[in-house]
Ligand SMILES: Cc1cc2nc3c(=O)[nH]c(=O)nc-3n(C[C@H](O)[C@H](O)[C@H](O)COP(=O)(O)OP(=O)(O)OC[C@H]3O[C@@H](n4cnc5c(N)ncnc54)[C@H](O)[C@@H]3O)c2cc1C
């Protein structure tokens with residue numbers, strides 16, 4: 001990464017989270033001049049024996065994207081944890097479903113990766129790209145859209161201009177707000193409590209999820225046999241869980257999850273995140289594109305949030321590279337609308353499906369309880385439907401970008 005020679009770029013990407021950094025790697029690798037503006041100073045020092053509180057289930061399609069931009073080998077060197085099976089069951093009935101990658105003839109369903117490992121790898125790739133300038137810590141305070149350039153002002157008074165400004169600045173996106181793009185959505189009145197947990201039995205490379213009336217409790221497998229949990233529950237219960245001492249918390253967790261992984265032995269630091277559904281009314285305007293959580297926020301119950309964002313990044317990169325090939329202005333609304341048409345429907349389908357699941361499994365009405373238990377049993381015994389769900393969850397369905405198919409971004413090499 002270089003210090004900027006001038007303040008004029010092809011793109012300004014706001015937000016160097018997993019999605020913004022992926023887009024910067026993909027387009028930086030194609031020689032685009034990029035200012036990557038990030039509010040926090042990236043920190044990559046952590047004790048060797050510690051585990052990040054935040055992990056993500058990374059689909060096979062996302063893995064391909066990371067491979068294409070050179071991040072995956074660095075992630076693998078650090079720690080990625082494959083999972084081959086997934087077991088989901090209803091706490092209030094007998095319905096259960098078991099997904100096994102072997103049924104699809106695939107070696108695995110995906111990987112659990114600590115978010116800091118992904119960010120470390122992406123930032124390592126960024127460092128090798130001469131046309132990408134990371135400006136951090138720095139935030140955008142003003143946005144002006146002109147006829148052939150967009151201009152942003154940073155909190156240190158600097159002005160930057162570019163053909164396109166990309167909002168990858170998360171669910172409370174400042175760029176989205178400055179562009180006047182509205183969102184629809186609602187709070188789930190749930191918080192996701194996350195922590196690293198050691199159990200007496202190995203996780204069997206299986207993702208476990210128990211649905212309870214207050215929300216799902218997931219155990220995501222790590223390669224050393226331990227697990228990372230996401231416990232979605234009421235905000236009041238989440239507060240109580242955070243206030244408990246370790247013994248009290250492990251007892252409560254044992255009660256909630258049961259003994260499928262033996263005894264709960266040890267727990268790392270805990271944190272809680274409010275959960276909501278949010279969807280931007282539009283992803284694009286002239287010289288503006290939203291992606292990742294800035295465009296959509298989904299319930300974490302199927303671990304799809306960042307995967308949707310990475311698919312956005314790979315699709316937008318492809319649209320931009322193709323536009324440049326045809327000597328089109330990459331900030332033109334006509335160009336950006338290709339990206340929006342590509343991604344919005346697919347994201348909306350996933351948002352609605354996850355919302356439906358959340359409602360179905362959160363209901364205490366007898367008819368809903370019957371429906372979900374019967375549904376789980378039927379789905380479990382109907383191989384084609386089960387396989388389709390697995391392929392969806394692995395990111396193998398839909399209109400995949402070149403990067404997600406493991407091809408060169410410019411479609412040539
Ligand atoms: C409990 C929980 C569990 C989850 N588990 C999974 C999972 O298993 N799998 C999965 O796919 N997804 C999961 N998700 C969702 C996933 O974490 C998000 O979808 C993902 O982090 C979004 O990435 P992003 O880069 O779009 O946004 P963010 O991760 O929010 O990154 C935004 C970046 O922009 C920066 N920024 C913000 N404002 C500004 C500004 N004004 N100027 C400059 N920079 C700014 C921030 O510092 C940050 O670095 C989970 C979410 C939660 C809450």
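Every read-out reported here was derived from the displayed coordinates using simple, explicitly stated rules and does not represent laboratory data. These numbers were taken from a predicted model, which means no experiment stands behind them. Here the Cβ is made from the backbone with ideal geometry for all residues, glycine too, and neighbour counts use every protein chain on show.
Starting from the Cα coordinates of the range 60-127, work out the convex hull volume and express it per residue in Å³. Kindly include the intermediate steps, with their values, before the conclusion.
On the way: hull volume 6.7 nm³, N = 68.
Cα-based convex hull of the range 60-127, divided per residue, equals 99 Å³.
Neighbour counting of Cβ atoms within 10 Å sorts the residues 368, 18, 390, fewest neighbours leading, into 368, 390, 18. In the frame of its principal axes, the chain has Cα extents of 61, 44, 39 Å, reported largest first.
For the residues 125, 25, 267, a GNM of the chain with alpha-carbon springs under 10 Å puts the largest fluctuation on 267.
Between residue 365 and residue 382, the distance separating the two model label sites (each 7 Å from Cα on the Cα→Cβ line) works out to 2.1 nm. Rg and Dmax of the range 145-261, both derived from C-alpha coordinates alone, stand at 21.4, 62 Å. Computed packing ranks the peptides 286-293, 190-197 as 286-293, 190-197, most packed first, by mean other Cβ atoms within 10 Å.
Antiparallel DSSP bridges in the chain: what percent, to the nearest 5? Write out the running numbers ahead of the final one.
Values: 56 of 79 bridges.
Counting DSSP beta bridges with both partners in the chain, the antiparallel share is about 70 percent.
Between the helical axis of 115-127 and the dominant principal axis of the chain, each derived from Cα atoms, what acute angle in degrees is found, rounded to the nearest 10? The answer is roughly 20 degrees.
Out of every Cα pair in the range 220-305, what percent are spaced more than 17 Å from each other? Mind showing how you got there, number by number?
Values: 2222 of 3655 pairs.
Tail fraction, whole percent: 61.
Extent along the principal axes, Cα only, for the range 1-136: 63, 32, 29 Å, with the longest axis given first. Just checking the listed ones, 12, 34, 181: in the Gaussian network model of the chain with Cα springs under 10 Å, the one fluctuating most is 181.
Semi-axes of the equivalent ellipsoid of the range 269-413 are 34, 19, 13 Å, computed as sqrt(5λ) over the eigenvalues of the C-alpha gyration tensor in descending order.
Run the numbers for residue 159 and residue 147: contour at 0.36 nm per residue of separation, minus the present Cα-Cα distance, in nm. Mind showing how you got there, number by number?
Values: separation 12, 0.36 × 12 = 4.32 nm, distance 1.71 nm.
Stretched fully, the residue 159-residue 147 segment lengthens by 2.6 nm.
Work out how much length residue 204 to residue 408 would gain on full extension: take 0.36 nm times their residue separation and subtract the Cα-Cα distance, in nm to one decimal. Please list the in-between numbers first.
Values: separation 204, 0.36 × 204 = 73.44 nm, distance 3.51 nm.
69.9 nm is the gain from fully extending residue 204 to residue 408.
For the range 273-349, the ratio of Cα radius of gyration to the globular rule of thumb 2.2 N^0.38 Å stands at 1.14. Computed from Cα atoms, the angle from the helix 305-325 axis to the main principal axis of the chain rounds to 20 degrees. Dividing the convex hull volume of the alpha-carbon atoms in the range 73-224 by its residue count gives 211 Å³ per residue. Between 46, 208, 370, the GNM of the chain built on Cα springs shorter than 10 angstrom shows 46 fluctuating the most.
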